[in-house]
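Read through the structure below, which is laid out as C-alpha cells, and then see the notes.
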Amino acid sequence: AIDIAKLRDQTGYITIDAGYKNTGATKSAITFLDGEEGILNYRGYSIEELAEKSSFLEVAYLLIYGELPTEEQYSTFQHEITTHTLVNEDMRKIFEGFPVNAHPMGVLSSLVSAMSAFYPETVDLDSPETTELHIIRLLSKLPTIATWSYKKSQGHPVNYPNNDLDYCSNFLNMMFSLPVEKYKVDPVVSAALNKLLILHADHEQNCSTSTVRLVGSSHANIYSSISSGISALWGPLHGGANQEVIEMLEAIKNDGGDVQKYVDMAKDKSSGFRLFGFGHRVYKNFDPRARIIKKAADDVLSKLGISDPVLEIAQKLEKAALEDEYFVSRKLYPNVDFYSGIIYRALGIPTNMFTVMFAIGRLPGWIAQWKEMRANKEPIGRPRQVYVGAPKRAYVERSER
Ligand code: ACO
C-alpha cells in the first residue's frame with residue numbers, strides 16, 4: 001500500500017490523475033464540449049450548424065482566427081492556401097525513399113517533420129507574417145503530401161495540385177486522377193468530405209492536441225509540434241480507431257456476420273478485444289458528431305447508390321451493443337469513428353488512409369491550439385510523478401551481481 005504521509009514528505013502535494021481524466025491543462029477559448037449533454041461548439045458555433053452550413057476552410061479560419069471570415073477575408077485566405085499547395089521537389093526525394101507499403105501516417109508525420117528543415121524560419125509571435133506563412137504552408141501542403149502516399153501504394157505517379165479547385169475537390173483530384181483518366185469530382189462526394197473534415201476539426205484537449213500543445217510548450221517549431229500530434233493521432237485508441245472499425249466490421253462479416261459473438265468478446269476483459277468505435281473519454285451519453293455522421297453516411301450511400309454489407313453489420317452491431325447491459329451501464333455509445341470509415345469507403349478512400357483523413361481534418365484545431373498556447377505565453381508542460389521504485393541502494397559491481 002502507498003504510504004500517503006511519507007509520499008507527501010518526499011514529493012509535496014502531487015495529484016495523481018492517470019490519463020489526466022480530471023485535470024485541466026489550460027484555459028482555452030476555442031472549443032466548448034459538454035460530454036453529459038452531448039454539446040460541441042467551435043468558438044461558440046454549434047457543430048450541427050457548422051457541418052450543415054459552412055465549408056471546411058471557413059471553419060479552419062474560425063478556429064485559427066476566432067471569427068467567421070467576411071467574404072474578403074475568406075477569399076484572401078482561400079487564395080493564400082491555393083497558392084501554397086505545391087511541395088518542394090526535394091521533399092519528393094525523401095518521400096521516394098519510403099517503402100511502397102509504408103503506412104501513410106508514418107509518411108505524413110515524417111514529411112511534416114521534414115518541413116521544419118525546409119522552412120527553418122523560427123516562429124516569432126511578434127512577427128505575425130512568419131507565423132502566418134507557416135500556418136498557410138501546413139494547411140495547403142498537408143493534403144498534397146497525404147495523396148502522395150496513396151499514389152505510391154498504388155504504384156501511380158503523383159498528381160500536382162490544381163489551383164482552380166476548392167480544398168476538398170483538389171484533394172480528391174490529387175487522390176484519384178490518373179494520367180490516362182481525369183477524375184471528375186462528384187459534388188456529393190466533395191460535400192461529404194467537407195462535412196467529415198469539419199466534424200474532426202477540433203475537439204479540445206484530446207490526446208493529439210495535448211501532444212501538440214505540450215511539444216509546442218518547449219517552443220519547438222510548429223512543424224515538429226504538429227508532426228508529434230500526427231503520431232499521437234495514429235494510435236488505435238485515438239484516430240487510428242477509424243481504420244480499426246472497418247477492419248473489425250469486415251472481420252465480423254467474413255466470420256459469418258454474428259455480431260453477438262463480438263459483443264460478447266468485447267465484454268470479456270480477458271479477450272483483450274474492444275469494440276472499436278464505441279466509448280469516449282468525454283462523451284458519456286452520445287457523441288454529437290456520431291449523430292451527424294450517421295445521417296451523412298445514410299445520405300452518401302443512397303445518393304451514390306451504394307449498398308455496403310459492412311454498413312449492415314455496423315447497424316446490427318450498434319443495436320446489439322446498445323441493448324447490452326455491459327455497454328449501457330458503462331455509457332459506451334458509438335463515437336464519431338464508428339461511421340466515418342463507412343463514408344470514406346463510399347468515397348473510394350482506402351482503409352489505411354482513414355487516419356490521414358482525420359489528420360487533415362484536425363489540422364486547423366492543432367494549429368489554433370498551438371497558436372493559443374504560444375499567444376498565452378503558457379509555461380513549458382512538465383507533469384510530476386509519485387515515485388514508487390526502489391529505495392536508495394548501494395551500487396554493486398557487475399562482477400559481483
Ligand atoms: N469495448 C469494450 N469495453 C470498453 C470499450 C469498448 N470499446 N471502451 C471502454 N470499455 C470499458 C472499459 O473496459 C472499462 O470497463 P470497466 O469499467 O469494467 O473497467 C469502461 O468501459 C471504461 O473504459 P475506459 O477505458 O476506462 O475509458 P477511457 O475514457 O479511458 O477510454 C476510449 C476511452 C479509449 C475511447 C475507450 O472507450 C476505447 O478504447 N474505445 C475503443 C477505441 C475507440 O473507438 N477510440 C476512438 C475514440 S474517439 C476519437 O479518438 C475520435
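The values are calculated or read from the model by the stated rules, or taken from the named source; none is laboratory data. The structure presented is a predicted model; accordingly, all values stated were derived computationally and were not measured. Please note: Cβ atoms are built from the backbone with ideal geometry, for glycine as well, and neighbour counts cover all protein chains shown.
Tabulated data for the structure shown
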read-out: Residue list for region 265-277, filter: part of a loop (DSSP other than H, G, I, E, B) and either at negative phi or at pLDDT 95 or above (or both); value: ASP268, PHE273, ARG274, LEU275, PHE276
read-out: Enumeration of residues in region 331-387 that are of a type in the set (A, V, I, L, M) and over 28 Å from TYR150 (Cα atoms); value: LEU332, MET373, ALA375, ILE380, VAL386
read-out: Region 350-369 - residue that is more than 10 Å from the chain's Cα centre (by Cα) and closer than 23 Å to SER54 by Cα and, of those, surrounded by the fewest Cβ atoms within 10 Å (Cβ to Cβ); value: ILE367
read-out: Cross-chain or 6+ apart pairs with Cβ under 7 Å, region 380-391 first and surrounded by 10 or more Cβ atoms within 10 Å (Cβ to Cβ), then assigned to a loop (DSSP other than H, G, I, E, B) and of a type in the set (Ser, Thr, Tyr); value: GLY381/SER217
read-out: Tally, over region 274-293, of residues that are free of Cβ contacts under 8 Å to residues at least 60 places away in the same chain and within 8 Å of the ligand (Cβ to nearest atom); value: 3
read-out: So SER75, is it buried (at least 16 other Cβ atoms within 10 Å of the Cβ) and part of a helix (DSSP H, G or I); value: no
read-out: Selection within region 191-218 - surrounded by 20 or more Cβ atoms within 10 Å (Cβ to Cβ), small (Gly, Ala, Ser), closer than 30 Å to ASN162 by Cβ and away from the ligand (no atom under 16 Å from the Cβ); value: ALA192
read-out: Residues being crowded, with 24+ Cβ neighbours inside 10 Å and away from the ligand (no atom under 11 Å from the Cβ) - total across region 228-239; value: 2
read-out: Only one of ASN221, ASN242 that is over 24 Å from PHE354 (Cβ atoms), crowded, with 17+ Cβ neighbours inside 10 Å and not hydroxyl-bearing (Ser, Thr, Tyr); value: ASN221
read-out: Meets criteria (touching a helix residue (DSSP H, G or I) at 6+ places or on another chain (Cβ under 8 Å), more than 8 Å from the ligand (Cβ to nearest atom) and either more than 18 Å from PRO104 (Cα to Cα) or at pLDDT below 90 (or both)) for TYR262; value: yes
read-out: Some residue of region 82-100 being aliphatic (A, V, I, L, M) and under 22 Å from SER217 (Cβ atoms); value: no
read-out: Flag for GLY19 being within 15 Å of the ligand (Cβ to nearest atom), surrounded by 15 or more Cβ atoms within 10 Å (Cβ to Cβ) and at pLDDT below 95; value: no
read-out: Residue within region 251-269 that is out of contact with any Asp or Glu (no Cβ under 9 Å at 6 or more places or on another chain), within 30 Å of GLN369 (Cβ to Cβ) and either surrounded by fewer than 17 Cβ atoms within 10 Å (Cβ to Cβ) or among the small types (Gly, Ala, Ser) (or both) present; value: no
read-out: In region 22-44, residue nearest to the ligand (Cβ to nearest atom) [restricted to those that are touching a Ser or Thr at 6+ places or on another chain (Cβ under 8 Å) and outside any loop (DSSP other than H, G, I, E, B)]; value: LEU40
read-out: Condition broken by GLU80, with the remaining ones in (1) outside any loop (DSSP other than H, G, I, E, B); (2) free of Cβ contacts under 8 Å to residues at least 24 places away in the same chain; (3) closer than 16 Å to PRO364 by Cα; (4) over 22 Å from the mean Cα position of the chain (by Cα) satisfied; value: (2)
read-out: Of all residues in region 305-335 being surrounded by 15 or more Cβ atoms within 10 Å (Cβ to Cβ) and over 26 Å from the mean Cα position of the chain (by Cα), the one that is nearest to LEU249 (Cα to Cα); value: LYS316
read-out: Residue ID - farthest from the ligand (Cβ to nearest atom), chosen from residues in region 240-259 that are acidic (Asp, Glu) and in contact (Cβ under 8 Å) with a residue 12 or more places away in the chain; value: GLU250
